[in-house]
Structure formats: structure tokens, C-alpha cells
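I have placed the structure first, in the form of C-alpha cells, so that the comments after it can refer back to it.
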Amino acid sequence: MKIRYTSAALLLFSFMSLFIGVSDVSVTDLGHMTPEQVEIMTVSRLPRLLSILIAGASISICGLIMQQLTRNKFVSPTTAGTFDSARLGVLISLLLFTSASPLLKMGVAFAFALMGTFIFMQILDRIKYKDTIFIPLVGLMFGNIISSVTTFFALKHDLVQNMSAWLHGDFSMIMEGRFEMLYLSIPLLGLAFFYADRFTLAGMGEDFAKNLGLKYKQVVNIGLAIVAMITASVVLTVGMIPFLGLIVPNIVTYYYGDHLKKSLVQTAVFGAGFVLICDIIGRVVIYPYEISISLTMGVIGSGIFIYLLMRRRSYAF
Amino acid sequence: MLFKRKILLLLIIAAGLVLAFLFTGVSSNWDYILPRRTVKISAIIVTGAAIAFSTVIFQTITTNRILTPSILGLDSMYLLVQTLVVFFFGSGSIAMMDSQVNYLLSVAAMVLFSFLLFKWLLRRGGNIYLLLLVGIILGTFFSSLSSFMQVLIDPNEFLIVQDKMFASFNNVNTDLLGISVVIMIGSLLYYLPYHKYMDVMALGKDHAVNLGVPYERIIQRLLIVVAVLISVATALVGPVTFLGLLVVNLAHEFLNTFRHNYLLAVSILFSVIALAGGQLIVERVFTFSTTISVLINFIGGIYFIYLLLRENKAW
Amino acid sequence: MVKVLNLFKQYGTRSVVEDVSVSIPKGKITTFIGPNGAGKSTLLSMISRLITKDEGEVKIEGQEINRWKTEDLSKKISILKQSNHIHLRLTIRELVSFGRFPYSKGRLTEEDEVKVEQALDFVALSDMQHKYLDQLSGGQRQRAYIAMVIAQDTEYVLLDEPLNNLDMNHSVQIMKTLSRLVRELGKTVVLVVHDINFASCYSDYIVAMKNGRIVEEGAKEKMIEPAVLNSIYDMDIDIHTINNQKICVYFQ
């Protein structure tokens, strides 16, 4: 899996995805597109492609960072309550400020995602039994609890169906003007790259990191903030994308090892490509209808995850 | 004996709440209201007992106090069955109308699912946490499937599924109650021969095997009991995920013992108290604007995070 | 008699125990020694059916271990693992009483109570029998677990690194207790020990393992020899006789 090949494949699929959809735009139309076709491209297809690439890359990197910081291969925004906390944040912002601006929603969602992930880290500190499989279990339960709080308020204010839309990742609603918030992720990814070495060190444990002169707490907090910010922006624009942050880093680090600097770019490219392929599958399978990304990802992702779990058992005891 | 006195105290509180539920807040129309309330309170006792009982067993099997069988993905399985019914047959479908068919369908689907899951994983020699994690992932899979279909269903019909999604004692069918009680008594009888092993099982696998417990066999049987009980409770009133965690941990705090005779009794009593009290609050304070499961998951969830954040040796 | 024949165990592709055959002499202390990862603990766990074997036979009193009813086996052989965390809040006496489970299934008879009493006496914990496990020091806790195994009253007692994390004083206490188990009660004790000098001072029979195989076995006198130890540990070890005990010096 050379980076050259994955990047080339990503480009190819990106190009393909531009020409898949209900309105007819084919490759042969390139160069002499009608105004409607141009509009479809700029209003819908391109934004969709961009959001897929950004969301795929950034959520995968979130997973990678979390796995480094917690030293557990099975921790990710889905299995640490980050997504659920962000969703609770969205709900709270809706309740408190009836017509919240996207930026405000984003802010509240970010605050909640950060808080939720932080609480999860606190719980991790207090658990004595640090079995690799047990920790994601606790994280998933924690997520369930947060969701039950969300449901409590959503039900009281008749927002269950709205919340279910945020639970449910979907790229088909992405259009020009409704996804730009995702751009926020790009500088964050840069920051993640800048901090990559420090995350790797922090992943070796607090004592180890401090011994090497690292500001451990600060590095962990920056990592969590990046994760929370990205998660919040993705929840608001696309919705939850289950398992993504779990699977992609696991596959990539299997080949590239745990040195973040080596695996970061590869994870981003692979994550973007993975989401793109899932999205294309979702668009093609029941054409002209669509299967949303969270369903395709739910099916493919849960399958791969279970496979990873089983494989882990056969050589790591 | 201290334990006996504590149990008596809980018994009195539980009885008081049940009586309060039955006889307060009625001005007239006793003939209509009383039978309905009797059914409701019976459903509460049955569900409460089933959930508390299965959670105690489950935590003993897993030697862990922060796990609950409700996370096995059974809830999602139940939701999926409900959504599928509405999706394929529409809200006016016979299955949705005939609650008995729906009930048996759901229970059968859930028990079958957990049975296959256990069989498959235990045969591969998988550990119990792996089983749970796989269960939970399948749960995510099911719920992503249901939420996808719910978005497809038009909003009116969505409301009907939504009703089914949250536990509610408001529309318990008398016939369902009968079936549930029969199934529960059946699984209790099935459980009885294994009761004597429970205290030893709590020591963990190595100690239990060393002391001559036929471990694998018992785990399999007990997991089936757990699956049946949770399925019955879920299908009867809908999912109440965190009730088990709430009441069993309360029981541990209250008694501080490992003896299952007491643990089981106290957990069941706490469960009845939580449900009966919760239902009273839902009906008389919130006047039905929320449901009991949502209320209990809310309270139970917060209590649980508190437990997790407190230093403890039990997990 | 415990007899192991051509035993194999693999985790994934890694062989942990390979073609091991050994007989454990009755009424003696047998120690398993060898470097880390030699497969000693795995072997002990297979002999006591805590983990399943891939191939081979374990015969206890002539009968294959899988053909024993696990209930009956628990009256014949007992094992104490090195990590025996019990998360329950138990008193010493409650823990030791669990040792009677194979006989009473939880309802203690008069005879059971007597056995529990004796076991507590044997490890000198009678005075503090109502203390909770989490209030004990490491050595006391280990003695409590050993008392539980004594109460189980089995002919064979298997212990996986019982001296792990104990200081010298407690280690000596434990080894003396085990030695009394053999001399006074006629039990057969099998244990895994890391400190070669404890093996030398207390055991009758020594089995040395390396890379999943048995490299040498025999009576203590034959085993505590420079050539033998060199083949096990790949280092030169001086042996001195002090107070009639062979002591190995390997620190330099």
C-alpha cells in the first residue's frame, strides 16, 4: 500500500463520484456542459465530494489521535461518547437559543463533545481493569448514557425526529452553503500533523512522556480539543459516521506501525477514500434512490470491526 | 439479622408505592380504573423483577458491576423488529394491531439472536467481553438499519414506531402479561438448579472451575435465561436500558454482600420501587409528557456516571 | 498420580507448550523452573483444566482429565493462579469457606466448618479471620488463598508462582506452610517458582522447562548442578553448600 497508489485511487474515485447521481452528467459532457449541468456540479456534486473527503479524512485522524492518546486500538469518536456528546450539544443549543446560528450550534456542540470526551478520559483513569476490549465497551455504554439524556430532552420538546437526523450521517443533503463549516477541520488537521510526534510520545504513557520533557496534560488536551472540534463540525453538517474513526486507523497502523508521523497522511487519504467508496456504493446500489452513508458504513464498518476483533484474538492473547 | 430487616424495609416501601399507585388520585369510576391500574402495576412488577434478576445474573457471570445485558444489542433488535413491521406492512398492519403476534415475534427474534450470538462466540472460545462488544456492534448495526428506515417512513408512521421505542406501561395488554408471566416462571424453574453456583461464579472463572463448577455449561444456560428475561421485559414495555444497572448497583451499596439470595431479593425490590415510583411521577407529576424509560435512563445514566467517576475496586 | 503425555498448546501460531510429558511424584514438592515464557504456567493450567489443551493427555489417577466430572476433580486437585483478583468484599473466613464448595455446594455442614477452622489454623490466620481481604497485606492475602486451597482438601495442590510480589519473610512463611502440607498432611504440592534458591531449599523434585519443552527433570540433588542450570538459563551459576543447602549464586 504505497501512498502513491492510494492517492491515485482516491483521485480516480473522486472523479468518478462527480458523475454519479440522478441528474445526468456524464464524462463525455466534459468541456461542453450545459449551464444546468455546471450548476449541478457546483451546487451539489462538488460540495458533496469535498465534504466526503474532508469528513472521511478528519474523522479517521480523530480516531488515530484518540487511539494514540488512550493507547487502545478500539477507542474512537464512536466508542468514547464523543459523537453522542456533540449531539447532546446540538440539542441543547436548539433548546436554549430557538434559532441558533450554525456557528453557535457549532460552539455548543464543540463544548459538549470536549466535555464528554474529557469525562470519558476521567473514567478511563479510574478503571483498574484495563482490558483492551473492556474499554470500548465502557465508552459505548457512556455514549448510550449521553444519548439517553439527549432523548429525555428531545422527547420532552418533540425533537426526536430531528435528533435522529443528526444521528444519521448522510451526504445527500450536502449542498453549496450547507457544508462550509467542515472547512474548519482543515487547519485542525494541520495542527494534528504539527503535534504528531508529541501525540506519539504521549501515547507511551504519562510517566514516559514526562521523562522526555513533554507537557503531557497540555498535549492530551490539545489532542482532545482537535477531536472534539472535528467531531462537532461533522455531526452538524453530515451527521454521525459510525466506525470510521475505528476501522481506518486500525487498518493503516497495521501496515505502517504506530508512529503518528508516518501514518497520519496515509490515514487521511485512506479514510477519505473509504468514505468515498462507501458513498458511491450507497448511491449505486438502489439507484435512483440512495442509501445513506451511516447505513453503508454501519454495515461495512461493523463487519470489518468484528473481523478486526476476531483477528486480534488469534495472535494477541 | 440486619439483611432481613433491610429487606423488610424495602418491601414496605415497595408495597406502599404499589398501593399509592392503585388507590390515589381517583375520584370516581373505580370499576374502570382499578382493573386497568392492576394490570399496569402487575406489568411493572413483572418487568422490574425480570430486569433486576437478569442483571444480577449477568453481572455475576461477567464478574463486573458496570455491565448490563441491555447492552447486548437486544434493544436495537427489538427496535428493528418494530421498525421492520411498520416499514413493510405500514402502521395499520395486522402485526402491529395484534399485539400478541407482535410480542411473540419480537421475543422470538431477540432470543434467537442472542442464542446464535452466544453459541457462535462461546464455541470459538471467545471471552465474555468480546461477546458483549460484538453484541453492542451488532446493536449499532441494527439501529443504523432502523434509523435509516425510520427516516424513510413518513412522519405519521414514524410516530407509531416512536411510541414503541420508549418503554410505556400505559398500554399493556392483559394477554401479554399472562404470556410473560408464564415465560418468566419457566425460565426461573430452568435457572433454579444453577442457583447454588452463583456465589462461587462471582469469584471468577479460574476459582469457579477450580472449585468444580461446570463453568462453560452454566454460563451458556444462564446467558439463555438472561436473554429470555430481557427479551420478555423489552417486548412487554419497551427498552429500559439502565434500570438494571441502577437497581443492582443500589443493591450492592445497600447490602454490601456477595450472597445472591439477598442480592436478588433486594435488586428486585429496588427495581419495583424505581418503576412504580417512576410511573407515579410520570403520571402525576409530568402528566405523561415523558415516559418511564426515558426518565429512568436519565436518572440511572447520571447515577452511573457518578459511580464510574468515583474510585472503586469493583471494576 | 498425575501423568502428562505429549501435551501441546498453541496461541495462534505461537507454540507455548510443545510435546511435554512428565509424571509428578506423589507426596512430594515438585517445582517447575525455567526462564520467562517457558510455558510453566500454561502447563499448570492445563493440568488443572483451567485452559484446554490442544493435543495430548493429562491423566489423573489413571483417568483422562476430560473424562473426569469437574465436580469430582475439584475434590482431587486444586489450583491457585498467580493473579487471583477477587473483586468481592469478602472476609478471610468467607473466602476459605468457598474452598468447601465442592463438598457442600454452599451449605456448610459441621464437618465443613471444622475443615475451615483447621485450614485457618494451618496458615495462622484464625485470629484475623473476620478481616476483609482488602485490609490484608500481600503475604496475608496469599496465605488466605492458600488456606482456601487447604480447605478444599485435595490430594494435589497446584500453585502458580505463589511467591510473586512477596518479600523474603512472607516467601519463607509460604514455603514452610507448603512444606508442612506435604510432611504433615501428605499432600502432593506442585508449584512454579522463579527464585532458584527456593526451589533448591524446599523441593524434592524439579522439572525445568524452556521454550515450551522440558529440558531436564529429576531429584533436587541431580538438578542443582552448574551444568544443568547452565543448560536451562544460559548462564554460569556457582553453587555453594551452606547449612547443608545448595545455594546458587548468579548475581555476577
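Tabulated values for the structure
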| item | result |
| --- | --- |
| Tally of residues being of a type in the set (A, V, I, L, M) and part of a helix (DSSP H, G or I) across region A:1-38 | 9 |
| Any chance B:Leu275 is open to solvent by less than 30 Å² (accessible area, probe 1.4 Å), in contact with a Gly (Cβ under 6 Å, 6 or more places away or on another chain), in contact (Cβ under 8 Å) with a residue 40 or more places away in the chain and not charged (D, E, K, R) | yes |
| Residues within region A:154-189 that are open to solvent by less than 50 Å² (accessible area, probe 1.4 Å) and either on the phi > 0 side of the Ramachandran plot or part of a helix (DSSP H, G or I) (or both), tallied | 11 |
| Some residue of region B:282-293 being more than 12 Å from chain A (Cβ to nearest Cβ), open to solvent by 30 Å² or more (accessible area, probe 1.4 Å), at pLDDT 75 or above and assigned to a helix (DSSP H, G or I) | yes |
| Test: residue in region B:43-64 that is touching a residue at least 40 places away in the same chain (Cβ under 8 Å) and part of a loop (DSSP other than H, G, I, E, B) | yes |
| Residue in region A:273-309 that is farthest from the other protein chains (Cβ to nearest Cβ), counting only those that are surrounded by fewer than 16 Cβ atoms within 10 Å (Cβ to Cβ) and among the aromatic types (Phe, Trp, Tyr) | A:Tyr287 |
| Helices (runs of 4 or more DSSP H) lying entirely in region B:173-248 (those with 3 or more residues that are away from chain C (no Cβ under 14 Å)) | B:174-191, B:215-237 |
| A:Leu201 at the interface with another protein chain (Cβ under 10 Å from one of its Cβ atoms) and at pLDDT 80 or above | no |
| Helices (runs of 4 or more DSSP H) (entirely within region C:133-252) containing at least 1 residues that are in contact with a Gly (Cβ under 8 Å, 6 or more places away or on another chain) | C:138-152, C:168-185, C:226-233 |
| Exclusive hit being crowded, with 19+ Cβ neighbours inside 10 Å, without any contact (Cβ under 8 Å) to a residue 24 or more places away in the chain and assigned to a helix (DSSP H, G or I), set A:Ala192, A:Ala209 | A:Ala209 |
| Wholly enclosed strands (runs of 3 or more DSSP E) of region C:24-102 bearing at least 2 residues within 12 Å of another protein chain (Cβ to nearest Cβ) | C:77-80 |
| Condition check for C:Lys220: without any contact (Cβ under 8 Å) to a residue 40 or more places away in the chain and open to solvent by 30 Å² or more (accessible area, probe 1.4 Å) | yes |
| Filter pass, A:Ile146 being touching a residue at least 12 places away in the same chain (Cβ under 8 Å) and open to solvent by 10 Å² or more (accessible area, probe 1.4 Å) | yes |
| Among (1) outside any loop (DSSP other than H, G, I, E, B); (2) surrounded by fewer than 18 Cβ atoms within 10 Å (Cβ to Cβ); (3) touching a residue at least 24 places away in the same chain (Cβ under 8 Å), the one test that C:Asp127 misses | (3) |
| All positions within region C:68-83 that are surrounded by 23 or more Cβ atoms within 10 Å (Cβ to Cβ) and of a type in the set (S, T, N, Q) | C:Ser74, C:Ser78 |
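Residue by residue, here is whether (1) in a helix (DSSP H, G or I); (2) among the polar types (S, T, N, Q); (3) surrounded by fewer than 21 Cβ atoms within 10 Å (Cβ to Cβ); (4) in contact (Cβ under 8 Å) with a residue 12 or more places away in the chain holds:
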| position | (1), (2), (3), (4) |
| --- | --- |
| A:Leu224 | yes, no, no, yes |
| A:Ile230 | yes, no, no, yes |
| A:Ile251 | yes, no, yes, yes |
| A:Gln266 | yes, yes, no, yes |
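Residues are listed down the side, and each one gets a yes or a no for (1) open to solvent by 20 Å² or more (accessible area, probe 1.4 Å); (2) assigned to a loop (DSSP other than H, G, I, E, B); (3) in contact with a helix residue (DSSP H, G or I) (Cβ under 6 Å, 6 or more places away or on another chain); (4) modelled with pLDDT of 75 or more:
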site: B:Ser27; (1), (2), (3), (4): yes, yes, no, no
site: B:Ile33; (1), (2), (3), (4): yes, no, no, yes
site: B:Arg37; (1), (2), (3), (4): yes, no, yes, yes
site: B:Met77; (1), (2), (3), (4): yes, no, yes, yes
site: B:Val81; (1), (2), (3), (4): no, no, yes, yes
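The values are calculated or read from the model by the stated rules, or taken from the named source; none is laboratory data. Not measured: the values here are computed from a predicted model. As a convention, Cβ positions derive from the backbone with ideal geometry for all residues, glycine included, and neighbour counts pool all protein chains shown. Protein only, heavy atoms only, side chains kept; ligands, DNA and RNA dropped before computing areas. Shrake-Rupley method; radii C 1.70, N 1.55, O 1.52, S 1.80 Å.
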